[in-house]
Amino acid sequence: MERTREKFVIGGLEFALKDGENPPKPKKLDEKQEAFLIATACSNPPEGRVRWTMQLLAEHLVKVGIIDCISDETIRQTLKKMKLNCG
């Protein structure tokens, strides 16, 4: 609210309502890494587990050296974007 008020004072109503440009964020995983993630998610889960969780997938990608670090939320968004259907 404060920034909108400040923008209004500086440039008027149009300036205050104009949405600033938001540059696209770089993708965390490239196509090859995404393919590995999908193949892993569709594979058998680790010993003692019934299924892969987002956290297990994230930890596995780091463990095998596919990526330095990644959140389980990034894993979830990637798999959702791919509309993953294993089976």
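The values are calculated or read from the model by the stated rules, or taken from the named source; none is laboratory data. If you're wondering where the values come from, they're calculated on a predicted model, not measured in any experiment. All Cβ positions, even for glycine, are placed from backbone atoms using ideal geometry, and neighbour counts span all protein chains on display. Quick note on the areas: whole protein, heavy atoms, side chains included, nothing else; ligands and nucleic acids left out. Shrake-Rupley method; radii C 1.70, N 1.55, O 1.52, S 1.80 Å.
Give me the net charge for the shell around Ala58: Cβ to Cβ below 10 angstrom, other residues only, Lys and Arg +1, Asp and Glu -1.
Working: positive: Lys63, Arg76; negative: Glu59, Asp72, Glu73.
Around Ala58, the charge tally is -1.
Write down the accessible area per residue of segment 24-71 in Å², having rolled a 1.4 Å probe over the full set of protein chains.
On the way: 3550 Å² over 48 residues.
Accessible surface, normalised per residue, equals 74 Å².
With the Cα gyration tensor of the chain giving a ≥ b ≥ c as the square roots of its eigenvalues, does the rule (a/c under 1.5 for rounded; else a/b larger than b/c for prolate; else oblate) give rounded, prolate or oblate?
Working: a/c = 3.34, a/b = 3.31, b/c = 1.01.
Here the chain falls in the prolate category.
Put +1 on the Cβ of every Lys and Arg and -1 on every Asp and Glu Cβ in the chain; which of Gly65, Val9, Pro46 then has its Cα farthest towards the positive end of the dipole?
Pro46
In the chain, once you exclude exposed trypsin sites (Lys or Arg not before Pro) (DSSP loop, at most 16 other Cβ within 10 angstrom), what's the longest stretch remaining?
Numbers: sites that count: Lys18, Lys27, Lys28, Arg49, Arg51, Lys83.
Looking at the chain, 52-82 is the longest stretch - no exposed trypsin sites (Lys or Arg not before Pro) with at most 16 other Cβ atoms within 10 Å.
Fully extended, how many nm does the chain gain between Val50 and Asn85 (0.36 nm per residue separation, minus their Cα-Cα distance)? Let's see the in-between values first.
On the way: separation 35, 0.36 × 35 = 12.60 nm, distance 1.68 nm.
Gain in length upon complete extension: 10.9 nm.
Ignoring any ligand, DNA or RNA, what whole percent of the accessible area of the chain comes from carbon and sulfur when the probe is 1.4 angstrom? Write out the running numbers ahead of the final one.
Details: 3890 of 7290 Å².
Exposed carbon and sulfur together represent 53 percent of the surface.
Using a 10 Å Cβ count of at most 13 others and DSSP loop calls, identify the longest part of the chain lacking such GluC sites (Glu not before Pro).
Values: sites that count: Glu21, Glu47.
In the chain, the maximal stretch lacking such sites is 48-87.
Restricting to DSSP H runs of at least four residues, report the calculated mean residue ellipticity at 222 nm for the chain, -39500 (n - 2.57) per run over all residues, nearest 500 deg cm²/dmol.
Values: 4 runs with 47 residues, N = 87.
Using -39500 (n - 2.57) per qualifying helix, the result is -16500 deg cm²/dmol.
Just to confirm my understanding: which cysteines in the chain have no other cysteine beta carbon less than 4.7 Å from their beta carbon?
Cys69
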